[in-house]
Amino acid sequence: MSEAPRPDAKTAERFRAVVLPHLDAAYGFARWLTRDPMTAQDVAQEAMLRALRYFHAFRGEEARPWLLRIVRNTWTDLRAKTRLEDGSLVEVENRADDGPDPEQSALAGDRRRQVAAALAALPADVREILVLREVEDLSYKQIASVLDLPMGTVMSRLARAREKLAAELAGRLGRRDNGLPNL
């Protein structure tokens, strides 16, 4: 396989305008996939390099799903090369809520941490489809493009992923089927 041509100044400028605005989304998606900030930086950086290297093949479709697909492929390649363990711990960001009530802020922060921990505990394929929809706010069509799946498959996998997340959350919150806490 031949190496892609080095981008000229015009291509590099177009890349900066079209793809670079999605760098945060690339890192965020990599962070959810890898569950490790350092590995996520490596994946996002390598994905950006690949995106630039092969930007000549970009057909002008939506840049964000195109880049996130490259992030996913980069992560998949890295996992295949290094046999990363899928059970590493996630660092959960502690964001302060802007609510006026400190108690409500604490409860909201706790809920976010519980959801993030439950999401991190899910298998990678379940986690990635939820992150693309609920965190990255991609449409079903965009998710289908990123994951290279038919839209119907995306919808059914997303429904199953939401069920798994709900079950994981219920287990973490110590709730039974009736919604009451276990005593």
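Does at least one position in the stretch 9-22 carry a residue that is touching a residue at least 60 places away in the same chain (Cβ under 8 Å) and in contact with a helix residue (DSSP H, G or I) (Cβ under 9 Å, 6 or more places away or on another chain)? Quick ask: steps written out before the conclusion?
Initial filter on the stretch 9-22 (touching a residue at least 60 places away in the same chain (Cβ under 8 Å)): none.
Scanning the stretch 9-22, I find no residue that is touching a residue at least 60 places away in the same chain (Cβ under 8 Å) and in contact with a helix residue (DSSP H, G or I) (Cβ under 9 Å, 6 or more places away or on another chain), so the answer is no.
Among helices (runs of 4 or more DSSP H) lying entirely in the stretch 1-80, which contain 1 or more residues that are more than 21 Å from the chain's Cα centre (by Cα), surrounded by 13 or more Cβ atoms within 10 Å (Cβ to Cβ) and of a type in the set (Lys, Arg)?
On the way: elements: 9-18, 23-34, 37-53.
Here the list reads 9-18, 37-53.
Being at pLDDT 75 or above and part of a helix (DSSP H, G or I) is the requirement here; does ALA117 meet it? First the steps, then the outcome.
On the way: at pLDDT 75 or above: yes; part of a helix (DSSP H, G or I): yes.
The answer is yes for ALA117.
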Of the residues that make up the stretch 69-76, is at least one modelled with pLDDT of 80 or more, within 30 Å of ARG50 (Cβ to Cβ), of a type in the set (Ser, Thr, Tyr) and not assigned by TED's automatic domain parsing to the domain that holds TYR140? yes
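The values are calculated or read from the model by the stated rules, or taken from the named source; none is laboratory data. Remember, predicted model here, so these are calculated numbers, not experimental data. Please note: Cβ atoms are built from the backbone with ideal geometry, for glycine as well, and neighbour counts cover all protein chains shown.
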